[in-house]
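Only one structure is covered here, and it is reproduced in the block below.
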Amino acid sequence: MIYYHILQKDNLRDLSSGICMSKKLKTIIVSVSLGTLSHHNNKRNFEVFLPILTELINKAVNIGSVNESLKRFGPVKLIDSTTISMSLNLYHWALFRSTKAGVKIHTRFDLNNGLPDAFVVTNAVEHDKTTMDSLMDTKHCIYVFDKAYSDYKNLTNIQEMKNTL
């Protein structure tokens with residue numbers, strides 16, 4: 001039955017024919033009729049599968065720490081920004097809207113080390129994608145950012161640059 005679920009079979013007929021088609025299973029399970037599969041499936045208590053499920057979940061969870069999992073991907077960096085509103089009376093240089101001033105802090109967070117590793121401070125009126133070049137400066141790195149940083153022309157340039165290296 002575990003084999004049945006792993007292979008995502010739709011019905012017992014698929015399972016029965018799958019057993020007949022597999023050379024390895026055919027040597028282990030000589031012959032199983034559709035009626036026998038149906039009978040045992042109807043009478044089987046689901047709790048017999050719980051120890052196996054528990055074991056599979058434990059193996060999946062205990063693959064390793066997040067850092068060990070990230071090592072498989074290499075450097076992973078998260079990029080996002082936050083806007084800090086300020087008084088327009090005191091910070092005329094940071095004009096954001098007609099009634100307020102503000103700055104935007106763009107942060108690059110190194111997921112592998114668990115620390116921010118770069119900041120760029122701009123006027124809040126500037127679009128996020130204007131800081132993309134200064135925050136995406138590491139080769140062979142996975143960057144995760146929201147669509148505000150999407151600049152398809154710039155991403156195409158980065159991809160072409162990678163292809164020439």
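The values are calculated or read from the model by the stated rules, or taken from the named source; none is laboratory data. None of these values were measured; they are calculated from a predicted model. When we count neighbours, we look across all protein chains shown, and the Cβ atoms used for this are built from the backbone with ideal geometry, even at glycine. Remember, those area values only see protein heavy atoms, side chains included, never the ligands or the DNA or RNA. Shrake-Rupley method; radii C 1.70, N 1.55, O 1.52, S 1.80 Å.
Below, the figures for the structure above:
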read-out: Per-region count, region 114-149, residues closer than 23 Å to Leu95 by Cβ, of a type in the set (Asp, Glu) and touching a helix residue (DSSP H, G or I) at 6+ places or on another chain (Cβ under 9 Å); value: 1
read-out: Top-ranked residue in region 136-155 [being charged (D, E, K, R) and either part of a loop (DSSP other than H, G, I, E, B) or closer than 10 Å to Lys77 by Cα (or both); ranked as nearest to the chain's Cα centre (by Cα)]; value: Asp146
read-out: Subset tally (residues that are in a strand (DSSP E or B) and not acidic (Asp, Glu)) for region 107-116; value: 5
read-out: Selection from region 126-149 of residues that are closer than 18 Å to Asp110 by Cα, among the charged types (D, E, K, R) and touching a residue at least 40 places away in the same chain (Cβ under 8 Å); value: Asp146
read-out: Pick from region 1-23, criterion open to solvent by less than 90 Å² (accessible area, probe 1.4 Å) and among the β-branched types (Val, Ile, Thr), ranking: modelled with the lowest pLDDT; value: Ile19
read-out: Test: residue in region 24-46 that is open to solvent by less than 70 Å² (accessible area, probe 1.4 Å), touching a strand residue (DSSP E or B) at 6+ places or on another chain (Cβ under 7 Å) and either modelled with pLDDT under 80 or over 28 Å from Met136 (Cβ atoms) (or both); value: no
read-out: Residue check, Phe119 touching a His at 6+ places or on another chain (Cβ under 8 Å) and either part of a helix (DSSP H, G or I) or open to solvent by 50 Å² or more (accessible area, probe 1.4 Å) (or both); value: yes
read-out: Flag for Asp133 being acidic (Asp, Glu), at pLDDT below 85, out of contact with any Ser or Thr (no Cβ under 9 Å at 6 or more places or on another chain) and part of a loop (DSSP other than H, G, I, E, B); value: no
read-out: Qualifying positions in region 84-106 - surrounded by 17 or more Cβ atoms within 10 Å (Cβ to Cβ) and in a strand (DSSP E or B); value: Ala101, Gly102, Val103, Lys104, His106
read-out: Close pairs from region 30-54: first aliphatic (A, V, I, L, M), partner modelled with pLDDT under 80 and open to solvent by less than 70 Å² (accessible area, probe 1.4 Å), Cβ under 7 Å, at least 6 apart; value: Val32/Ser16; Val32/Ile19; Leu34/Leu12; Leu34/Ser16; Leu37/Leu12; Leu37/Leu15; Leu37/Ser16; Ile52/Ile2
